[in-house]
Amino acid sequence: LFRIMGRFTVSIDFGEVKLKILKPSSRELSCIDLYNTPSHQKPLYTVCITEGLYIVFDSIIQDPGAIKEISKIEERLYDVLVGEESIIDLLEEIKDERLKHIVERQYTGYDVLEPFFLDPNIINVHVMSDKPVQVHHRVYGRLLTNLTLTHEEVVDLALRFAAAAGKPLSEALPLASFVEPKYEARISVVFSSDVTMRRSATIDIRKLAELPWTVLKLIHLGSLSFEETAFLWLMVKYKIPILIVGGLMTGKTTLATALLALIPPGSRVFTVEDTPEIRIPATYWTRTTTREYGEYKISVFDLLKTSVRLSEDYIIVGEIRGEEAREWAHSILLGHCAITTFHAESPEAALLRLLSPPISLDPQVVKMLNVFVKTNVTEKEPGKKIFRHEVYVQDENIIKPVFTYNPVRDKIELVVENPLRTFKFIDRIELTHRVSRDMLEREYKAMITVLEETYREAISADPTLETPTYRELAEILYKKLEEKLQLTQ
C-alpha cells in the first residue's frame, strides 16, 4: 500500500482571481494504487486510488519552488480579467508546463475536469450539481472522486463544452449530445431547465481510448481466449455478421474496436455512427456521422441507405436502436459484413427486440444473424471488475453457445466439439467464398497458432501490450497467417 496525506480538496470559484490548485488536506489515506498522469511527459497530476475513491491532485504541490510562482501569476490574472493583459501573453511567459496547464484549464479549458481527460484509465465521467464527481476506471470500475462542483460550476462547464462543439444549449434546448473537439469525447448534457425542475444539471463524458485495446490485450486480460478470438477473426475475414450484445459499460465498444482491427488490410470500410467512437486502421475508410441540427438533418437511416449503394467490403454501425436496423439488415443481405453493438442482456433478448416494434425485422433476415458476442462484467474482488465475453451462434433458428465463461476456472471454454463442423451456417462461407470446410478448419487452427505466437512475442517485448497497436496488428497477423497456410499446403 502507498501512503499519502490527505482527503484532497479543491476550492472552486469561477471568476475568482486565484488559481485553483488541487491539493491534499490533513487526513492521511492509504492508496492501493498511486500513479502520475500523463505518463509520457512531466506529470501534471498524481492519482491515488483507495477503496471506492479516485483522488487526484496537482503534482506541482510537491515542488516548493514552483508553488512560489503561483502568487506572482495570480497578481497578473486580475489584469487579464479586467482586459488590461492578454491571457495568451501571460501563458507564453510561463516557463513551468505544470503552472501553464493550471492557468489554461481554468481560463481556456475544462477546469477541474481536465485531469480526467488526461488519465487514460478513465473511460467515463459523470458530473451532477453538488454531488461528488463519479468516474469509471478501466481497472477499478466505478469510483467517487474528491471533486464536488456547485450548480453554477456545472452549468458553466456544460456551456463550455457546447460552445467548443458549436452546439446549441439553453433552457429552451436543454438536452444535448455531441462530440467535444479537443479530446474527441462524447458529451451528453441535461441542462438546468423546467425539464429538471431547475434543480440540477448533469454532464456525462464518454472518452475514447488514446490507444484502443487490441485482441491481444483482451486475451491477456482473460476477456477472450485464443480459440474464441480465432473463431471471431475467421468470421470477420469471411464477412459473417457479428452482433455484440450486452448491458451498459460491459465493454461492447471496446470489443467492437478490437475486432474491427482484424479486418483484412486493403479492405474498403464504411462506418455509420451518431457519435464517432469507432476507430479502424483501414486506409480506405469512409467515416460518417449523423447531423442532428439545422435545416438539413442526416440520420443513421440516411447514411445506411448511401452505404449499401457503394461497393464497400464492410459496413459498420456503431450501435443500432430503431428503424435504422432495417437498413442495416439490408446491408447483410447484400453480403457486407455488418459488425455492430446492440443494447440487450442476451442474444435471445436481442432477437426479440429486433423482431418486435418499432424495429420489426423480417424473420427471414434475422436468420442471417448467426454470430453473437455477449459481453459480461463481474466483480471478481471488491472494487475490481473483470470482463468475460461469450460467443453464441444462431443456427437453424436456435441459439447455441459456442464459447462460454467458466467462473470456477475463470476461463473461456469451447463447449462444442468443432465449431466449423457443427453449424449449418458455415455452408454460407463455403458457397460465397468457394472455400471448403477442410480449408476453413485448417485456417482456423492456423489463426490460433498465429495469435498464440504473436501474443508471446508481444508480451515479451512490451508487458503492457501497448504494442503492436491496433493500427499495426492486422498487417502482422495476416502476414503470419499467410506464411502458416503456405507451410500447411
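Values quoted throughout were computed directly from the atomic coordinates according to the rules given, and no laboratory measurement underlies them. As the structure is a computational prediction, the values presented were derived from the model and not from experiment. Don't worry about glycine lacking a Cβ; one is built from the backbone with ideal geometry, like all the others, and counts go over all protein chains shown.
Per-structure values
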quantity	calculated
Relative contact order computed over the range 2-206 (Cα-Cα under 8 Å; 6+ residues apart), in percent	15 percent
On Cα atoms only, tilt of 97-107 relative to the major axis of the chain in degrees	90 degrees
Length-normalised contact order for the chain - Cα pairs under 8 Å, 6+ apart - percent	11 percent
Rounded if a/c under 1.5, otherwise prolate or oblate - the range 244-347, Cα gyration tensor axes	rounded
Separation in nanometres of the label points that stand 7 Å from Cα toward Cβ, at Val415 and Ala163	5.5 nm
Rel. contact order, % - alpha carbon contacts under 8 angstrom, at least six apart, the range 251-330	31 percent
Taking Lys182, Lys252 and counting other C-beta atoms within 10 Å, the order from fewest to most	Lys182, Lys252
C-alpha long axis of helix 226-237 to longest principal axis of the chain, angle in °	80 degrees
Label selected from [x] 22.3, 69; [y] 25.0, 78; [z] 24.3, 74, the criterion being Rg and Dmax of the Cα atoms in Å as computed here	[y]
Listed peptides 437-448, 140-151 by packing density, highest first (mean Cβ within 10 Å)	140-151, 437-448
Using alpha-carbon coordinates, inclination of helix 151-165 to the longest axis of the chain, degrees	60 degrees
Ser30, Ser188 arranged by Cβ crowding within 10 Å, fewest neighbours leading	Ser30, Ser188
Cα gyration tensor shape of the range 185-316, rounded if a/c is under 1.5, else prolate or oblate by comparing a/b with b/c	oblate
Table column - 3J(HN,Hα) (Hz), the range 113-130, Karplus curve with 6.51, -1.76, 1.60, x for Gly and Pro	7, 4, x, 6, 5, 8, 8, x, 7, 8, 10, 8, 10, 10, 10, 10, 4, 6
Cα-centred dipole magnitude for the range 2-206, charges only on beta-carbon of K, R (+1) and D, E (-1), debye, nearest 20	800 debye
Linear extension gain, Leu487 paired with Met439, 0.36 nm per residue minus alpha-carbon span	16.0 nm
